[in-house]
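Q: I have a structure here, written as structure tokens, and I will follow up with some questions on it.
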Amino acid sequence: MASGREQFGSNMAAVMAMAGSAIGLGNIWRFPYMVGQGGGAAFVLVYLLCVVFLSVPILLCETIIGRRAQAGTIGAMEKLAPGTGWKWLGILTVISPLIILSFYSVVGGWSIGFFFQSLSRGFCVGDTGNFAAFTSSLWMPLVCNTLFIFATAGVVAAGVKSGIERFNRISLPLLFIFIVTIMVYSLSLEGSSEGVRYLLKPDFSRMSPRVLADAMGQAFFSLSLGVGTILTYSSYMKKEDNIVRSGMGTAMFDLAFAVLAGFAVIPAVFAAGIEPGAGPGLIFETLPFVFASMGEQLPFISRLISIIFFLTVVIAALTSSISMFEVGVAYLVEERHLSRRRAVLYILLGTWALGSLCAVSPAVFDFCDILTSNYLMTFGGLLFVLFVGWKMKRSDVWGEFTGEGGQRGNARIFGFFYFFVRYAAPVVILLIFLSNLL
Ligand code: PFF
């Protein structure tokens, strides 16, 4: 272990942590809607190609940097490109996840609020405006955001192995059990088959440059790329771990969860006779209505499912927020030599302050969301692939990719990977960036 740095206990633990970062709100509130709108199974196929040929190579670039340097984002740039302007990439990718965390934790807070509501009194059909009332009240979003961010900080404070690894090891299986339970319930509802058709019917005529750009953007956001979370987690991976297998494993967990979430959410929405949308409205307005209208026939089960659903959202959001929090903590511990506790305290204060602003001001919330999701993530991703393709020594990249030549399968595809990272990936990411700009 380099200079007493903590590491994940196994390859599987690293994959689970990265999958935890990847699986989040994006899988639940955006992917299902995008599938329906983008041509059902046709969209899933295109999305799969985006994940395998775009997201996984970018993810591997972050992994290569993190594991080679055995340091967080700023430390990695200082080790691999000392005294150069690349340190700004390190700085950018310490700041971006903290900005994402600030609005993400607000939504995590809303989920906590709705979890408590489903636990305490459930939802009624007449609850229209419940969400608007919740978000416009001053103290509820603040209190819930505080709870969420403190929970995140608590896990990170416990350390890489006893905190992050342990939390993800328990959460990931739970998330899958919960989402499958909700899916089974959802598919059993009368009228749900319409939703299944919405998700599955392959319709290639819906494919358009816009849909393709959206699929790539989602493949980016969903795998938490371009903001240093994957880089930081990878720096805790063991040297002998196979990074290609880990990257594919992470992507497959993420995709599987997104598809399951689609079958958990959309058929229930159709069964209640409403059209699905995307974003906060789907989780905090449409679904409570669905639970309430099902509750008129099956009060106990519908109540139980709503409790499980919001618990799933809270856990999925937590496993992502933990990864964002850790980026800043790794920097303060490694580069500023603070104790982990003190580092957690500083990041907690910063993100709690900005998060509170996001909780009470929709304008600040939207600004942070658009700035990071549309620009900073893609920009960071672009710089990471340029770094691996053009700045790092080819032999170092080869060494990480192939386990110093020992992983034969990886060695065979290295040429393709390296070509892709140098030439194709930068162009494609630039196109996504421009499409967001326009
Ligand atoms: N991948 C997460 C989701 O799909 O909700 C979002 C995310 C997590 C983005 C971590 C960025 C990040 F660093």
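Q: Could you give me the residue pairs with C-beta distances under 8 Å whose first residue belongs to segment 403-419 and is aromatic (Phe, Trp, Tyr) and outside any helix (DSSP H, G or I), whose second residue is surrounded by 14 or more Cβ atoms within 10 Å (Cβ to Cβ) and at pLDDT 95 or above wherever it lies, and which are 6+ apart or on separate chains?
A: none
Q: Given the conditions (1) surrounded by fewer than 15 Cβ atoms within 10 Å (Cβ to Cβ); (2) under 21 Å from the mean Cα position of the chain (by Cα), report the number of the one that Trp139 does not fulfil.
A: The failed condition is (2).
Q: If you go through segment 221-262 one residue at a time, how many are in contact with a Leu (Cβ under 8 Å, 6 or more places away or on another chain) and closer than 10 Å to Leu59 by Cα?
A: 9
Q: Taking interchain pairs and intrachain pairs at least six residues apart, which have beta carbon atoms under 6 angstrom, with the first residue in segment 36-64 and within 21 Å of Met237 (Cβ to Cβ) and the second in a helix (DSSP H, G or I) and modelled with pLDDT under 95?
A: Val51/Ala219; Ser55/Ala219
Q: If I filter segment 330-357 down to residues being buried (at least 22 other Cβ atoms within 10 Å of the Cβ) and of a type in the set (Ser, Thr, Tyr), which single residue comes out as nearest to Val143 (Cα to Cα)?
A: Once the filter is applied, the top-ranked residue is Thr351.
Q: Please give the helices (runs of 4 or more DSSP H) falling wholly within segment 207-277 in which 2 or more residues are small (Gly, Ala, Ser) and more than 16 Å from the ligand (Cβ to nearest atom). Write out each step before concluding.
A: Values: elements: 209-222, 229-234, 243-271.
Those helices (runs of 4 or more DSSP H) span 243-271.
Q: If you take the residues in segment 234-290 that are closer than 19 Å to Gln37 by Cβ and of a type in the set (D, E, K, R), which one is surrounded by the fewest Cβ atoms within 10 Å (Cβ to Cβ)?
A: In this case the residue turns out to be Glu275.
Q: Only one of Ile315, Ile305 is within 14 Å of the ligand (Cβ to nearest atom), at pLDDT 90 or above and of a type in the set (Val, Ile, Thr). Can you tell me which?
A: Of the residues listed, the single one that is within 14 Å of the ligand (Cβ to nearest atom), at pLDDT 90 or above and of a type in the set (Val, Ile, Thr) is Ile315.
Q: From Phe379, Phe384, Phe325, Phe365, which residue is surrounded by 15 or more Cβ atoms within 10 Å (Cβ to Cβ), within 17 Å of Arg422 (Cβ to Cβ) and touching a residue at least 12 places away in the same chain (Cβ under 8 Å)?
A: When all the criteria are applied, what remains is Phe384.
Q: Would you be able to say whether some residue in segment 356-363 is modelled with pLDDT of 95 or more, assigned to a helix (DSSP H, G or I) and within 16 Å of the ligand (Cβ to nearest atom)?
A: yes
Q: Which of the residues belonging to segment 7-52 are outside any helix (DSSP H, G or I) and either modelled with pLDDT of 95 or more or within 16 Å of the ligand (Cβ to nearest atom) (or both)?
A: Within segment 7-52, Gln7, Phe8, Gly9, Ser10, Ile23, Gly24 qualify.
Q: Checking the structure you have, find out if any residue of segment 37-47 is among the hydroxyl-bearing types (Ser, Thr, Tyr), under 26 Å from Met392 (Cα atoms) and touching a helix residue (DSSP H, G or I) at 6+ places or on another chain (Cβ under 9 Å).
A: Scanning segment 37-47, I find no residue that is among the hydroxyl-bearing types (Ser, Thr, Tyr), under 26 Å from Met392 (Cα atoms) and touching a helix residue (DSSP H, G or I) at 6+ places or on another chain (Cβ under 9 Å), so the answer is no.
Q: For segment 185-206, what are the residues that are of a type in the set (Asp, Glu) and assigned to a helix (DSSP H, G or I)?
A: Glu194
The values are calculated or read from the model by the stated rules, or taken from the named source; none is laboratory data. All values derive from a computational prediction rather than experimental measurement. Every residue, glycine as well, gets a Cβ built from its backbone with ideal geometry; the counts of neighbours run over all protein chains shown.
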